[in-house]
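Bear in mind these aren't lab numbers, they're just calculated from the coordinates by the rules spelled out. This is a predicted model, so every value here is computed, not measured. No Cβ is skipped: glycine too gets one built from the backbone with ideal geometry, and neighbour counts run over all protein chains shown.
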Amino acid sequence: AAGPLPPVLNIGGGEAVRVRELVRRLAGAAGFAGRIEEDEGGSDRSARVSWQCSDVTAAHAALGWRPEHTLDESLAALWAAAQADPHDPGGDGTP
């Protein structure tokens, strides 16, 4: 890509996902089988936004980028990374 990059590039799957579905899928990736309770609290914006979707058009135009992993694969990798030992990020016993 020629020229300067845009100041912000969204990276995601480009699929609209309801926030409650995202939470359910992340809980599944974590192996959580309990009950998920929703709190009616939060910001006014949170109450108005029930879904999230990243527009990856600019990332594709600037970098030729396209998603290679599904949302579920990404959530599983996110959970695994969150559980990793911060003193052994490679999982091989070396710092």
Note to self: Net charge within 12 Å of Glu38 by Cβ-Cβ distance, Lys/Arg positive one each and Asp/Glu negative one each, not counting Glu38 itself?
What the structure shows: +1
Next item on the list: With an 8 Å cut-off on Cα pairs and a minimum separation of 6 or more residues, tell me the relative contact order of region 17-83 in percent.
Entry: 49 percent
Next item on the list: Please say if region 17-83 is rounded, prolate or oblate, where rounded means a/c under 1.5 for a ≥ b ≥ c the square roots of the C-alpha gyration tensor eigenvalues, and otherwise the choice is prolate for a/b larger than b/c and oblate otherwise?
Entry: oblate
Next item on the list: Take each of the peptides 23-29, 10-16, average the number of other beta-carbon atoms within 10 Å over its residues, and list them starting from the highest.
Entry: 23-29, 10-16
